[in-house]
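The structure's right below; bear with me while I get my questions together.
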């Protein structure tokens, strides 16, 4: 008879995006298996941990009390988009919406506000946070880079135009973001615009083929939304290199 080899729990977690949660289920010791993207945060409760999650059809509970400590889960989630921001809390970085430097609190997608330990405040400049921080005075708003269409200069501020969401205005100028995004797929095509190169679908010279939302200057990049943005003459050659 052939043997059936099962993954150890920690190896299995590297294969699929679920967290195995040891818990008491109907009076017996068992496991919940929760999709990582359903988890908002984990909270220490003495020698146990409460997992706060979205309600779904498979596991309707929004809170699951695990029989393991927060340190156990910190080790289980190593290499995943989770950060320990306090002795009592681990958050899902994908659910991070904003961080307030003055109050030292983060806000998650479900509206939960959580304190950040003073010793942990520097992690918000860490590359582990895959979302992009937009500074707005004392706060950082976190967004997915892939949601950015383009950035537009407004004097000493910058407006982020996003896919499917209202624009966000930062308190920093566009030069700040030109440096910040230098290693990302973005390019400053004009004094007033930084464009997401992944959203570009065409470029043309002259005004004979101008489409809706595009003016009549010498060169234009058109986004996948149909929005056209001017490309300065001194930026054209460097911009076109990305598509050759």
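Counting other beta carbons within 10 Å of each residue's own, what order do 59, 24 fall into, fewest first? Please report the intermediate quantities before stating the final value.
Details: 59 16, 24 11.
Least to most surrounded, the residues fall as 24, 59.
Restricting things to Cα coordinates, could you compute the convex hull volume per residue of segment 9-141 in Å³?
Working: hull volume 14.6 nm³, N = 133.
Here the figure is 109 Å³ per residue.
Could you quote the convex hull projected area for segment 145-241, Cα atoms only and averaged over all directions, in nm²? Kindly include the intermediate steps, with their values, before the conclusion.
Details: hull surface 24.2 nm².
Averaged projected area of segment 145-241's Cα convex hull equals 6.0 nm².
Continuing with the same structure: When a/c reaches 1.5 or more, the comparison of a/b and b/c decides; with that in mind, is segment 48-93 rounded, prolate or oblate per its Cα gyration tensor?
Values: a/c = 2.00, a/b = 1.51, b/c = 1.33.
Verdict is prolate for segment 48-93.
Same structure, new question: Write down, largest first, the equivalent ellipsoid semi-axes of the chain in whole Å, where each equals the square root of 5 times an eigenvalue of the alpha-carbon gyration tensor. Kindly include the intermediate steps, with their values, before the conclusion.
Values: eigenvalues 387, 94, 44 Å².
For the chain, the ellipsoid semi-axes come out as 44, 22, 15 Å.
Using bins 10 angstrom wide from zero, how does P(r) for segment 70-129 break down, in % of all Cα pairs?
22, 60, 17, 0
Suppose only helical runs count, i.e. DSSP H with n ≥ 4. What mean residue ellipticity at 222 nm does that imply for the chain under -39500 (n - 2.57) per run, divided by all residues and rounded to the nearest 500 deg cm²/dmol?
Details: 4 runs with 30 residues, N = 244.
Helix-only estimate at 222 nm: -3000 deg cm²/dmol.
Just to confirm my numbers, what's the Cα centroid distance between segment 148-193 and segment 46-123 in Å?
About 30 Å separates the Cα centre of segment 148-193 from the one of segment 46-123.
Length gain on complete extension for the stretch residue 191 to residue 68, per 0.36 nm per residue less the alpha carbon to alpha carbon distance?
On the way: separation 123, 0.36 × 123 = 44.28 nm, distance 5.41 nm.
Stretched fully, the residue 191-residue 68 segment lengthens by 38.9 nm.
Readers should treat all values here as calculations from the given coordinates under stated rules, not as data from a laboratory. No experiment lies behind these values; they were computed from the predicted model shown. Neighbour counts run over all protein chains shown; Cβ positions are idealised from the backbone, glycine included.
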